Amino acid sequence: MKLHTLKPAKGATHKEKRLGRGEASGKGGTSTKGNKGGQSRAGYKSKKAHEGGQMPIQRRIPKRGFTNISRVSYKVFNLGQIDQLAEKYGIQEFSLQNLYINNLISQTDLVKVLGNGEIKGKYSFKVNAISEKAKAAIEAAGGSVEILK
């Protein structure tokens, strides 16, 4: 056996369909596209949500609710998480930059600290918002709070 004598097994390969190459190809005339209409012509493209005359799904399903454009969305941290995060990441100052470096927030996130849980360590916070309860607990533990604009 030599490389130049190798062939695929009988029946393993098929000839490519040559559409629109005359009647003798068996696929001549309309080239298997049917008769007339946009779909038989070059450059045809259907719209993304077109369902062939049926009412499209985005029109069948009713609209619900609304999006408040004035909403300010915060990434929330509770006091109960702070000691764990400080231990895990070695953070003493909870600033936006430190949280971003440790992949706890994205670059555009706003951070708010809430007072759920207890704080044991002495930490400094530079955040966008903080609840009164959280601020009192942090200052009672010897920490400091700075609110960024």
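What follows is calculated from the coordinates using simple rules that are stated; it is not laboratory data. A quick note: this is a predicted structure, and the numbers were derived from the prediction, not measured. When we count neighbours, we look across all protein chains shown, and the Cβ atoms used for this are built from the backbone with ideal geometry, even at glycine.
For the reader, a short list of remarks on this structure follows.
- Which listed residue, of 73, 106, is closer than 30 Å to residue 146 by Cα, hydroxyl-bearing (Ser, Thr, Tyr) and in contact with a Phe, Trp or Tyr (Cβ under 8 Å, 6 or more places away or on another chain): 106
- Residue pairs meeting the criteria (Cβ under 7 Å; at least 6 apart or on separate chains; first closer than 29 Å to residue 60 by Cβ, in segment 34-50; second part of a loop (DSSP other than H, G, I, E, B)): 38/44; 39/33; 49/56
- Segment 66-101, residues that are hydroxyl-bearing (Ser, Thr, Tyr) and surrounded by 10 or more Cβ atoms within 10 Å (Cβ to Cβ): 74, 89, 95, 100
- Residue count for segment 44-103 under the criterion of being over 29 Å from residue 114 (Cβ atoms) and among the β-branched types (Val, Ile, Thr): the result is 2.
- Checked against (1) within 30 Å of the chain's Cα centre (by Cα); (2) surrounded by 10 or more Cβ atoms within 10 Å (Cβ to Cβ); (3) without any contact (Cβ under 8 Å) to a residue 24 or more places away in the chain, residue 63 passes all but a single condition, namely (2).
- Single residue of segment 120-144 satisfying the filter (among the aliphatic types (A, V, I, L, M) and under 34 Å from the mean Cα position of the chain (by Cα)) that is surrounded by the fewest Cβ atoms within 10 Å (Cβ to Cβ): 129
- Pairs with Cβ under 7 Å, 6+ apart, first in segment 92-115 and free of Cβ contacts under 8 Å to residues at least 12 places away in the same chain, second surrounded by 12 or more Cβ atoms within 10 Å (Cβ to Cβ): 98/91; 107/100
- Selection of segment 26-49 for residues being surrounded by 10 or more Cβ atoms within 10 Å (Cβ to Cβ) and in a loop (DSSP other than H, G, I, E, B) yields 26, 27, 28, 29, 30, 31, 32, 33, 44, 46.
- Within segment 9-25, being in a loop (DSSP other than H, G, I, E, B) and surrounded by 12 or more Cβ atoms within 10 Å (Cβ to Cβ) holds for 18, 19, 20, 21.
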